[in-house]
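The values are calculated or read from the model by the stated rules, or taken from the named source; none is laboratory data. For clarity, every value in this text was computed on a predicted model and none was experimentally measured. No Cβ is skipped: glycine too gets one built from the backbone with ideal geometry, and neighbour counts run over all protein chains shown. Just the protein is used for accessible areas: all its heavy atoms, side chains included, with ligands, DNA and RNA removed. Shrake-Rupley method; radii C 1.70, N 1.55, O 1.52, S 1.80 Å.
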Amino acid sequence: SPKRIDCLSLLEEMRSLSRRIEIGQAPDVREVLAHADEMALYLILDNVLNNARAHSPERSVIRVSCWYTRDNHGNHVGVTIQVSNKMKDNNENQSDVKKRKDNPSSEERLLHQDNLSQGMGLSIIRDCVKKCKYKFDAGPEGSLFYSTLRLPVWTNIHKTEEIRKNNANNAKKQFSNSKDFIIACVEDMKMIRKMYERVLIRKYFNKKSVVLGSTLHEAKCAAHCIMKAGCHACILDQNLEYGSDCVYGTDIAYQLAELKFKGLIYIRSANNDTMDIQFYKEKGAFGAMCKSMTPAEIRDQVMKDLTEQKITPLDIAPDTRWE
């Protein structure tokens, strides 16, 4: 995929391909930044340089340079490879040129349009240029032959986009291990239980995670089920209502604390002011979650707290007392 590439540094690296290669760059130019696919750019320049070596006099210099340029379509980075073109020697008449084209010596192989339009190297160049939507021109000018590649310029727009992608990738790496953690969710509302099952657990957490609370019996036995599952965190709705009966999340939190639960306990409630949270913690909860939190926000909060509390997947195992 396209990224920031310093074409000047890239040309310096490619100079090692041949002693004949020289960098023809202004001394005050420190970098020339393009927005390009690195692998495609390597393939294109490598094949252009191979053509230049194969079809130019063996002792001639291959001069490469890059610069910023502008045309009717906007700003570009130009990368040029320049070699001697014996076919266009002004001191020779046309008959001599034709003889040299038909019978080139080993010392003076000719670089001309016929050579440049054949071979696998040019096929690779054309394919890469077409796929990446670059511009490539090649042709003689006097006694020299030029191959010029035009690339998109690296701009602040690309910089902003790369920062956004890097932040997204870093966040993804940070939470890439959430699948190793088992959680439990206790909820009386069917719609919320489905959200836990189909989004929160399926997308973010270990498949051994459990969703409880469909019946009064499940709510009353939730603490033992959570211990049996070996959960690293649990999210308890504060008011679990079943007709005239009600089970409080703080009651389950208290039971878990009595059972020496080592994971994190969250109370999910619409009441999350300072006094409420203090009450939840007194009952054994680690913290509270508001009801408007999305599955991704729940995941982020749980993983952040697990990391800060230094709880790893190996720290908690299923409790076999309730097998």
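State the number of residues belonging to the range 16-60 that are in contact (Cβ under 8 Å) with a residue 12 or more places away in the chain, farther than 20 Å from Cys128 by Cα and of a type outside the set (Gly, Ala, Ser).
Number of matching residues: 15.
May I ask you to say which residue of His224, His217 is under 14 Å from Gly263 (Cα atoms) and surrounded by fewer than 24 Cβ atoms within 10 Å (Cβ to Cβ)?
Numbers: His217 fails: under 14 Å from Gly263 (Cα atoms).
His224 is the lone residue from the list that is under 14 Å from Gly263 (Cα atoms) and surrounded by fewer than 24 Cβ atoms within 10 Å (Cβ to Cβ).
Restrict the check to the range 135-154 and report whether at least one residue is charged (D, E, K, R) and at pLDDT below 75. Steps first, please.
So the first thing to find is which residues in the range 135-154 are charged (D, E, K, R), and the list is 135, 137, 141, 150.
Now narrow it down to the ones that are at pLDDT below 75: none.
Within the range 135-154 (the criterion being charged (D, E, K, R) and at pLDDT below 75), the answer is no, since none of the residues qualifies.
How many residues does the range 1-40 hold that are outside any strand (DSSP E or B), among the charged types (D, E, K, R) and touching a strand residue (DSSP E or B) at 6+ places or on another chain (Cβ under 7 Å)? Spell out how you get there, then give the answer.
In the first step, residues of the range 1-40 are kept if they are outside any strand (DSSP E or B); the result is 1-2, 7-20, 24-32, 37-40.
The next check asks that each one be among the charged types (D, E, K, R); those that pass are 12-13, 15, 19-20, 28, 30-31, 37-38.
Filter once more, so that each one left must be touching a strand residue (DSSP E or B) at 6+ places or on another chain (Cβ under 7 Å): 12, 15, 20, 31, 38.
Residues meeting the conditions: 5.
Please return the ranges of helices (runs of 4 or more DSSP H) entirely within the range 208-302 where 1 or more residues are within 41 Å of the chain's Cα centre (by Cα).
On the way: elements: 216-220, 222-229, 249-258, 274-282.
Hits in the range 208-302: 222-229, 249-258, 274-282.
Quick check: anything in the range 234-246 open to solvent by 70 Å² or more (accessible area, probe 1.4 Å), among the hydroxyl-bearing types (Ser, Thr, Tyr), farther than 26 Å from Met191 by Cα and out of contact with any Ser or Thr (no Cβ under 9 Å at 6 or more places or on another chain)? Can you show your working first?
As a first pass, look at the range 234-246 and keep what is open to solvent by 70 Å² or more (accessible area, probe 1.4 Å): 241, 243-245.
With the extra rule that they be among the hydroxyl-bearing types (Ser, Thr, Tyr), the set shrinks to 244.
Subset that is farther than 26 Å from Met191 by Cα: none.
No - not one qualifying residue is present in the range 234-246.
Condition first: at pLDDT 95 or above and among the aliphatic types (A, V, I, L, M). Now tell me which residues in the range 165-194 satisfy that.
Ile182, Ile183, Ala184, Val186
Within the range 308-319, which residues are touching a residue at least 60 places away in the same chain (Cβ under 8 Å), surrounded by fewer than 15 Cβ atoms within 10 Å (Cβ to Cβ) and over 13 Å from Asp180 (Cα atoms)? Lay out the reasoning, then the answer.
Our first condition is that a residue be touching a residue at least 60 places away in the same chain (Cβ under 8 Å); within the range 308-319, this holds for 311, 313, 315-319.
So of that shortlist, the ones also surrounded by fewer than 15 Cβ atoms within 10 Å (Cβ to Cβ) come out as 315, 317-318.
Listed by number, the list holds a single entry, Pro318.
Inside the range 294-307, can you point out the residues that are farther than 17 Å from Gly230 by Cβ and open to solvent by less than 30 Å² (accessible area, probe 1.4 Å)?
Step one: list which residues in the range 294-307 are farther than 17 Å from Gly230 by Cβ, which gives 294-301, 303-305, 307.
Answer for the range 294-307, where residues must be farther than 17 Å from Gly230 by Cβ and open to solvent by less than 30 Å² (accessible area, probe 1.4 Å): Pro295, Ile298, Met303, Asp305.
So which of Ala296, Ala270, Ala317 ends up being under 19 Å from Ala222 (Cα atoms) and aliphatic (A, V, I, L, M)? Write out each step before concluding.
On the way: Ala296 fails: under 19 Å from Ala222 (Cα atoms); Ala270 fails: under 19 Å from Ala222 (Cα atoms).
Only one candidate qualifies: Ala317.
Being open to solvent by 50 Å² or more (accessible area, probe 1.4 Å), free of Cβ contacts under 8 Å to residues at least 60 places away in the same chain and either in contact with a helix residue (DSSP H, G or I) (Cβ under 9 Å, 6 or more places away or on another chain) or more than 21 Å from Lys291 (Cα to Cα) (or both), is that true of even one residue in the range 181-203? If you could, list the steps in order and put the result at the bottom.
Of the range 181-203, the ones open to solvent by 50 Å² or more (accessible area, probe 1.4 Å) are 189-191, 194, 197-199, 202-203.
Going one step further and asking which of them are free of Cβ contacts under 8 Å to residues at least 60 places away in the same chain, we end up with 189-191, 194, 197-198, 202.
If we keep only those that are either in contact with a helix residue (DSSP H, G or I) (Cβ under 9 Å, 6 or more places away or on another chain) or more than 21 Å from Lys291 (Cα to Cα) (or both) as well, we get none.
Within the range 181-203, not a single residue is open to solvent by 50 Å² or more (accessible area, probe 1.4 Å), free of Cβ contacts under 8 Å to residues at least 60 places away in the same chain and either in contact with a helix residue (DSSP H, G or I) (Cβ under 9 Å, 6 or more places away or on another chain) or more than 21 Å from Lys291 (Cα to Cα) (or both).
Within the set of pairs 6 or more residues apart or between chains, which connect a residue that is of a type in the set (D, E, K, R) inside the range 228-253 to a residue that is in a loop (DSSP other than H, G, I, E, B) and surrounded by 24 or more Cβ atoms within 10 Å (Cβ to Cβ) with Cβ atoms less than 8 Å apart?
Qualifying pairs under 8 Å: Asp237/Gly213.
Give me a count of the residues in the range 247-287 that are out of contact with any helix residue (DSSP H, G or I) (no Cβ under 8 Å at 6 or more places or on another chain), open to solvent by less than 70 Å² (accessible area, probe 1.4 Å) and either among the aromatic types (Phe, Trp, Tyr) or over 23 Å from Ile182 (Cα atoms) (or both).
The qualifying residues number 3.
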